[in-house]
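K.L.:
Please see the structure below; I have some questions.
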Amino acid sequence: MDPKDLLGIIHPFLAVAFVFPMVGIVVNMAWQTRQRRLQLESGEKSKIPPIVGREHVKIGRWLAGSVVGITLIALAYAITFLPDPKLYEQPPLQIVFILFMFAATIASVYFLYQARELTWRVVFSVLSTVGLVILGAQDGVYRRTDEWYISHFYFGIAVAILMVFSVAILPEIYRDKRWRIAHLVLNTLAGLLFVAQGFTGARDLLEIPLYWQKQYIYKCDWEERTCPFELQSSQPQIENLLGLEARNHPNFQN
Ligand code: HEM
Ligand code: HEM
């Protein structure tokens, strides 16, 4: 496999091997946290241990960071290698800007995790979101805007922003019932978006050709589902199909 193809599967690999298992754990803990609270509120005794809430948050923080991380990896790959123009073909100022945006977005997410005061949490979550959106708008990123409702890009950016938002409002979820409900509703949506990412990501992986195949595949007309036919290189296959080669074969002379 070409190194460029290997780099291209780092993002899907990390999503499948690390992010999705974490989603499973976080959702399971979320369910138990809610069940436990509802049981206690109705005066019942709960068999669910009190630790589930804290575990949900601990792994939730890892999940949020990982989702933003694999999103940035996918964007970096798309901007650097996918058509056109590739990163190194862009004007130097644009390259500097893109590199700066990656650094600024990573720094914003880092400071969001450190921030305690509401103002700073708002500032760094907005900066992280703006960073993701600007990087997503760069050339090379396959956005599928005309089919946004099945776009791996739009769902991916949306779920990454929802994760940033979860970290930003973390203390409010404990303080205020309305924020807890908002968290529940938004992250139920995030759960559905994760499922959609599994489907659209697998589809995109199927659609992206290997590096050496790209020069041929990108000549094809995707609307018409046809590819330019080169008779010279296809001659043996055509002969095979027509049985010409077989007829000339010594074993055929009976
Ligand atoms: C797919 C992802 C997630 C889903 C479906 C989800 C869902 C939930 C649910 C259902 C609850 C219980 C609400 C209740 O008791 O009424 C909850 C609690 C909570 N979640 Fe999440 N959540 C997700 C991710 C996250 C993330 C990424 C964070 C933070 C980084 C987070 C932070 C919290 C906090 C602080 C609580 C309150 C815990 C407690 O009461 O002990 N969640 N979440
Ligand atoms: C948490 C889940 C995921 C998120 C948030 C996510 C997000 C993204 C984003 C924002 C992009 C850039 C848009 C583009 O260039 O097309 C992307 C690209 C891509 N994703 Fe995902 N993705 C996730 C899971 C997956 C999975 C499970 C697969 C495959 C099994 C996958 C395969 C791909 C492929 C093939 C690309 C295009 C190549 C690349 O840029 O690396 N993704 N993803």
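Here, each number is a calculation from the coordinates, and none is a lab measurement. Given the structure is predicted, the values throughout are model-derived calculations rather than measurements. Heads up, the Cβs are rebuilt from the backbone with ideal geometry, glycines too, and the neighbour counts pull from every protein chain shown.
K.L.:
Report the extension gain between PHE20 and ASP5 in nm, rounded to one decimal, defined as 0.36 nm multiplied by the number of residues separating them, less their alpha carbon distance. Can you show the working numbers first?
P.N.:
Values: separation 15, 0.36 × 15 = 5.40 nm, distance 2.21 nm.
That works out to 3.2 nm of additional length.
K.L.:
Label 7 Å along Cα→Cβ of ARG175; segment 118-146 residues with amide nitrogen under 20 Å?
P.N.:
Under 20 Å, as judged by backbone N against the label point of ARG175, lie 118-127 of segment 118-146.
K.L.:
What FRET efficiency comes out for VAL195 versus SER42 if R0 is 35 angstrom and r is the Cβ-Cβ distance? Round to the nearest 0.05.
P.N.:
The formula returns an efficiency of 0.70 here.
K.L.:
Separate question: Are there any trypsin sites (Lys or Arg not before Pro) in segment 27-76 that are in a DSSP loop and have at most 10 other Cβ atoms within 10 Å? List them by number.
P.N.:
On the way: sites: ARG34, ARG36, ARG37, LYS45, LYS47, ARG54, LYS58, ARG61; in loops: LYS45, LYS47.
Those that pass, being in a loop and sparsely packed, are LYS45, LYS47.
K.L.:
Between 0 and 90 degrees, rounded to the nearest ten: what's the tilt of helix 92-114 against the longest Cα principal axis of the chain?
P.N.:
In the chain, helix 92-114 runs at an angle near 30 degrees to the longest axis.
K.L.:
I need the calculated FRET efficiency for the pair ARG54 and ILE134, taking r as the beta carbon distance and R₀ as 35 Å, to the nearest 0.05.
P.N.:
Working: r = 35 Å, r/R0 = 1.00.
It comes to 0.50.
K.L.:
Shifting gears a bit: For the residue pair ARG34 and ARG61, what label-to-label distance in nm results when each label sits 7 Å from Cα along the Cα-to-beta-carbon direction?
P.N.:
2.4 nm
K.L.:
Beyond 28 Å, how much of the Cα-Cα pair distribution for segment 1-153 remains, as a whole percent? Don't skip to the answer; put the middle values down first.
P.N.:
Details: 4258 of 11628 pairs.
For segment 1-153, the share of Cα pairs beyond 28 Å comes to 37 percent.
K.L.:
Please give the Cα centre distance for segment 25-99 versus segment 169-218, rounded to the nearest Å.
P.N.:
Spelled out, the Cα-based centre of one part sits 9 Å from the other.
K.L.:
Relative to the longest principal Cα axis of the chain, at what angle does helix 152-168 sit, 0 to 90 degrees, rounded to 10?
P.N.:
Between the helix axis and the principal axis of the chain, the angle is about 20 degrees.
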